[in-house]
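Take a look at the structure set out below.
The values are calculated or read from the model by the stated rules, or taken from the named source; none is laboratory data. Nothing here was measured: the structure is a model prediction, and the numbers come from that model. A quick note on method: Cβ atoms are made from the backbone with ideal geometry, for glycine too, and the neighbour counts reach across all protein chains shown. The protein model used for the area step is the full one, side chains on, heavy atoms only, and it has no ligands, DNA or RNA in it. Shrake-Rupley method; radii C 1.70, N 1.55, O 1.52, S 1.80 Å.
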Amino acid sequence: MVLNDFQRKVINILAKHSPVWLVGGAVRDRLLGTDSNDLDLVTFLNPERADNILRASGLISRQIGMRFKTLSLFEADSRIDLVCVDDLEGDARRRDFTINAIYMNPLSEEIYDPLAGTMDLNNKRLRACGDAGERFREDPVRILRMVKFSVRFGLEIEKDTWKEARNNLGLLADAAKERVTSELAGILILADAEKAVRMLMEMGYWDVFIPELARLEGIVQNQYHSLDVWEHTLAVFRNTPEDLFLRLAGLFHDIGKWETASRECFLAGKLEFHDQEFWVQEYKIIGTRGKGELESKIKLLVGKNVKILGSRLDHYPQIVQFKRNLPGEKGTKGLTLVENGKRHFLNHEKAGSKLLVEILKRYCFSMVFTGSGQRREKDLLELIENHMQATLAFMPEFNARTSRRSFKERAAELVWKICWDGRNFKLQKIHDFVLLWKADFQAGKVHNEAQNNIFEKIFNELIRIALWQNENLPCIDWNQINSFVSAQGIKGEKIGKFKNYMRQKAMKEMNLEINTVFLKKAYAEIDISKK
């Protein structure tokens with residue numbers, strides 16, 4: 001085993017006073033042929049004596065575990081956990097799994113293996129130390145570690161260990177959120193994380209702790225998908241890189257589909273308005289295109305018999321999403337499903353973002369995100385809410401239809417919407433967006449070769465535009481704009497409004513020629529002279 005200077009120093013100091021043994025991941029990884037930065041040591045010294053010996057040599061330790069008398073030392077990227085025990089076999093029986101209860105003398109490399117962990121490692125078996133139920137009741141987070149070790153090292157979980165993990169699963173509710181989050185994050189970035197996600201499903205973890213995810217299983221999608229929502233979710237998850245942010249985005253991108261799953265229907269009868277809602281008989285009608293949709297489409301029809309084409313929610317069968325009014329058409333009163341009608345998940349991305357707000361409260365992912373954790377949580381919510389934007393914006397290209405707006409205009413507008421947060425241009429956000437979109441596009445959806453080629457073109461163009469906007473945003477001629485503002489007599493809050501519009505217009509049109517014609521056109525478009 002290759003030890004660094006810090007590790008050798010600590011071992012040599014302690015070995016002068018008591019036998020010292022390596023244990024845990026360092027020994028396990030050595031037997032598997034890999035190295036570990038962190039080290040677990042065992043000594044027969046009591047904690048006070050060990051601490052005094054270390055301090056006398058200029059090493060400061062911190063007591064971390066009250067139950068197992070653990071002292072921890074840190075230097076640079078290395079961490080040493082020193083456990084003070086009375087005997088090795090007793091210590092072994094208190095550890096989590098036999099593969100982590102193998103001891104090695106760091107000086108002689110002698111192996112002591114009281115629970116046959118080496119045999120389990122060789123036989124690709126994961127087994128709890130001693131009584132599996134007792135081990136999981138001592139520390140329920142070991143259940144998640146079990147999943148991580150099984151997938152990471154390709155180990156089959158021993159029958160009783162698996163049974164007791166399932167029996168004690170509910171105890172994770174009382175475990176510290178920080179520890180649960182740390183283990184779950186480690187699971188989600190495994191090379192074969194999909195296997196772990198499926199294992200957690202089989203165990204019942206998602207049912208208990210994130211039921212919004214578990215209930216996606218079996219939800220049939222539309223003709224554009226070959227997989228149900230759960231299998232599609234796993235396919236997207238599989239397509240994402242080993243990055244926690246994108247793995248979470250892949251896992252949660254479609255959680256709103258249970259809420260919004262619906263089928264086309266006709267709804268006929270007298271339109272009524274009460275309790276601030278529109279109704280036909282016992283069915284509440286809701287819009288999907290903003291607050292003013294129903295007021296503009298059907299408000300004048302209140303008190304009259306109507307027939308509308310809508311979509312009834314699967315899991316809220318008394319609610320119908322409005323699609324369009326069918327004036328002059330007669331039909332059977334009440335609700336009738338459209339024969340071979342379309343399958344919809346209207347606004348599932350917005351519903352998913354709202355659900356994710358509540359899910360994130362159960363964990364501490366901001367703790368494990370790189371950079372600004374809370375900011376990244378907000379980015380994740382925005383990504384889920386906007387993940388359909390590219391598909392919708394470029395529908396004409398995928399369906400070989402013309403659009404009233406140019407491709408470049410739509411692409412630049414989308415990039416600006418994704419990257420500009422009102423104060424800064426975040427290039428990272430387009431990176432996240434296009435990678436999730438690609439993972440989604442390739443996940444069990446039905447595409448022809450032409451559509452695949454179109455996707456690659458759009459993918460590359462979005463990146464190119466994002467790089468242009470990021471590079472050229474600081475190059476906007478604000479002196480020219482300020483002169484125009486002064487000449488027009490624009491004052492107060494209207495100055496900020498005009499400047500914001502100018503910034504947006506220049507980036508969306510990818511135009512840095514801020515001349516008088518451009519400024520006058522922008523001024524006419526925004527029309528800030530009105531209150």
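A compact table of results
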read-out	value
Gap separating the Cα centres of the range 213-242 and the range 439-474, nearest whole Å	21
Cα-based shape type of the range 378-445, given that a ≥ b ≥ c are square roots of the gyration tensor eigenvalues and the cut on a/c is 1.5	oblate
Centre separation in Å (Cα based) which lies between the range 321-352 and the range 144-175	45
Residues whose placed amide H lies under 5 Å from that of I286, excluding near-sequence neighbours	V320, Q321, F322
Ordering of 500-506, 488-494 by packing [mean C-beta count within 10 Å, highest first]	500-506, 488-494
Rounded to the nearest 10 Å², the accessible area of S353 at probe 1.4 Å	10
Phi to ³J(HN,Hα) by Karplus 6.51 cos²θ - 1.76 cosθ + 1.60 over the range 136-149, Hz, x for Gly, Pro	6, 6, 4, 8, x, 4, 4, 4, 5, 5, 4, 4, 4, 5
Net charge over other residues, Cβ less than 10 angstrom from the Cβ of G24 (K, R count +1; D, E count -1)	-3
L126 long-range amide H proximity, modeled H, under 5 Å	E156, I157, E158
³J(HN,Hα) computed for each position of the range 463-476 - Karplus, 6.51 cos²θ - 1.76 cosθ + 1.60, integer Hz, glycine/proline x	5, 4, 5, 4, 5, 5, 5, 5, 6, 9, 3, x, 8, 4
Neighbour net charge for A196 - beta-carbon separation under 13 angstrom, K R +1, D E -1	+2
Whole-percent carbon and sulfur share, accessible surface of the chain, 1.4 Å	48
Convex hull of Cα atoms in the chain, direction-averaged projection (nm²)	33.9
Probe 1.4 Å - accessible area at H431, Å² to nearest ten	90
In Hz, Karplus ³J(HN,Hα) per residue of the range 498-503 (6.51, -1.76, 1.60; θ = phi - 60°; x = Gly, Pro)	5, 5, 4, 5, 5, 4
Summed side-chain charge close to F322 - residues other than F322 whose Cβ falls under 9 Å, Lys, Arg +1, Asp, Glu -1	+3
Surface per residue (accessible, 1.4 Å probe) for the chain, Å²	50
K417 versus S18: modelled label distance in nm, points set 7 Å from Cα along the beta carbon direction	6.4
Solvent accessible area, Å² - S150, 1.4 Å probe, full protein context	0
Theoretical FRET efficiency, 1/(1+(r/R0)^6), r = Cβ-Cβ of V2 and E110, R0 25 Å, to 0.05	0.90
Sequence of Y205, Y316, Y224, Y283 when ordered by accessible area, the most exposed leading, probe 1.4 angstrom	Y224, Y316, Y283, Y205
